[in-house]
Each structure stands twice: as structure tokens, then as C-alpha cells.
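Inspection log for the structure reproduced underneath, given as C-alpha cells.
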Amino acid sequence: MTNGKVTMNKVPPQSNVKCRKCKTCNETLAHILGQYILTKTQRIRRHDEIPVFMSKKQARKEIPIIEEALISTATGNVKPDLLVVNQGRVHVFDVTVHHEDNGNLDEGYRSKVDKYTPLFEKLAAQLNVERGRVQSIVVGIRGSVPKPIIVSAGDSHR
């Protein structure tokens, strides 16, 4: 796999840096690894391995886990990877895999916290427990983990 036309565009300059396959996006490493249709299966598999691993670890501890719960919102349905009920609180665990460049990992982290924090009132009421935390698990497309593997954010049980 090449580094993409955008990177290779420095010498000699090319008039077209669009992806050779999809022809819509610029052909960058981030596009090939993070958006390219031919690598979608590998991206999904990489993402899905993490919640499966976490479920197996939590199952040994006999902590209740709800996998891919469908939650209705005013703007549509959302489906966090895992809901964990522990010590009378519900916690949302959601994985995101992003390209490592230009703050994408921080953006992935923040997007999960922003997405799920407003849902805690509804989740807590449905499960008859207290509000917990959003645990955003951010992994780089090339395997890097920029923060501790489970980063606590949105401490919503005050």
C-alpha cells in the first residue's frame, strides 16, 4: 500500500490527487485506512474485537453487561457497544477507531463523550439505577492507544 497520492504529490506534482478507486476523496493514508470502502471489513473487525474482549473479561467478574443496546433519541437511534451496570450505576463503554493524525484521536474521544452523556437520565431511569460515566475507548487505526485504554469522562454522578 502506498502512502497515497497526496503524500506522493510533492515530487512531481500531480494534477489529480483523488483516490484511484472511489475517485471522490483525496487519496491519503487516513482515507485509505479510515474511510476506504475496500478496508471497511478490516476496520469493523478491529473495532468489534475490543467490545468482545471487554465482555469476556467482565463476564468473569459476573458484572451485568448489555451489548449493543438500541437507545431511541429525538434524532434517531444510537447503539453503544456496551452498557455495564456496576455498583448501582450504568456506564456506557463505546469504542472508536480513528486515524492518528491531526487530533483525530482526541476528536474521537470527545465525540463519544458528547454523544452518550445526554442519555444518562434516560438510561438510569430505564434500568432503575444511578447515572455513571461514559468510558470512551479510543484506538488508532494503526493500533496506538493515545490515552489509558479506558478513559473516564463525563463524570455525571455527582
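The values are calculated or read from the model by the stated rules, or taken from the named source; none is laboratory data. Note that the coordinates shown come from a computational prediction; the quantities given were computed from them, not determined experimentally. Glycine gets a Cβ as well: all are built from the backbone with ideal geometry, and neighbour counts include every protein chain shown.
Worth pointing out:
- Residue satisfying all of: in the range 50-67; surrounded by 11 or more Cβ atoms within 10 Å (Cβ to Cβ) and not in a helix (DSSP H, G or I); modelled with the highest pLDDT among these: Glu67
- Checking Thr24 against (1) assigned to a helix (DSSP H, G or I); (2) among the β-branched types (Val, Ile, Thr); (3) at pLDDT 75 or above, the condition it does not meet: (1)
- Residue in the range 126-133 that is under 20 Å from Asn77 (Cβ atoms), hydrophobic (A, V, I, L, M, F, W, C) and surrounded by fewer than 19 Cβ atoms within 10 Å (Cβ to Cβ) present: yes
- Candidates Glu130, Glu107, Glu121, filtered to the one that is in contact with a helix residue (DSSP H, G or I) (Cβ under 8 Å, 6 or more places away or on another chain) and of a type outside the set (Gly, Ala, Ser): Glu130
- Counting the residues of the range 85-111 that are in a strand (DSSP E or B), at pLDDT 90 or above and out of contact with any Ser or Thr (no Cβ under 8 Å at 6 or more places or on another chain) gives 5.
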